[in-house]
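The structure appears right after this line, and notes come after that.
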Amino acid sequence: MTSGEHEGRSTASEAGTDPTPAGSDGAELHGSDLARAALQAAKEKSKAKRRTKRSVIGAGGGSRRRRRWSGPGADDRDPQPLGRLASRIATDHGWNDRLSGGHVFARWTSLVGGDIAEHTKPVALSDGELTVQAESTAWATQLRLLQRQILQRIADGVGKGVVRKIKVQGPAAPSWRHGPRHVPGRGPRDTYG
């Protein structure tokens with residue numbers, strides 16, 4: 001090779017137009033050596049891309065790779081107690097208000113005390129108004145007088161805002177209606193003649 005050819009080749013390889021890459025000793029590569037060099041260049045380019053991608057992901061958020069095991073710490077994929085799962089489902093579906101209302105009925109004795117619970121029972125809860133039925137008019141009056149204390153106890157036991165008002169009913173009058181079906185009309189009055 002003459003010095004002119006060598007100079008021409010070096011300027012062509014510097015410009016990036018040389019189709020055959022040179023090895024580490026400067027000789028042209030042919031055949032399998034050429035394939036190995038191309039494979040090595042592709043691997044290095046891929047590594048460089050992964051490094052830049054990881055640095056971008058690390059700066060902006062978490063890694064997208066999925067872990068295969070949860071490790072020693074607590075994780076959402078670990079088995080969960082049924083109560084925790086039920087409360088999560090209730091929160092997701094917006095059922096907390098209804099469940100809190102159910103707690104009022106289930107824990108009535110512990111919320112208001114045994115003496116009051118023995119003579120009263122909760123009947124309905126809608127829009128923060130609890131309807132309570134007393135067994136006598138004396139207990140209905142007593143419940144009306146203790147309304148603020150009972151509201152405070154319910155708020156402490158179940159949560160604030162679940163019950164905002166208590167409606168007290170006296171004892172129900174006896175019904176002449178027996179069974180699910182009846183005939184409209186004057187009722188029992190026409191049998192007394």
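The values are calculated or read from the model by the stated rules, or taken from the named source; none is laboratory data. Just so it is clear, the structure is predicted and the values come from calculations on it, not from any experiment. Methodologically, a virtual Cβ is constructed for each residue, glycine included, from the backbone with ideal geometry; neighbour enumeration extends over all protein chains shown. Note: accessible area is taken over every heavy atom of the protein model, side chains too, but ligands, DNA and RNA are not part of it. Shrake-Rupley method; radii C 1.70, N 1.55, O 1.52, S 1.80 Å.
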For the stretch 160-177, state whether one or more residues are part of a helix (DSSP H, G or I), at pLDDT 85 or above and open to solvent by 50 Å² or more (accessible area, probe 1.4 Å). no
Open to solvent by less than 50 Å² (accessible area, probe 1.4 Å), in a loop (DSSP other than H, G, I, E, B) and modelled with pLDDT under 85: does that describe GLY101? no
Out of (1) open to solvent by 30 Å² or more (accessible area, probe 1.4 Å); (2) touching a helix residue (DSSP H, G or I) at 6+ places or on another chain (Cβ under 6 Å), what's the single condition that is false for VAL112? (1)
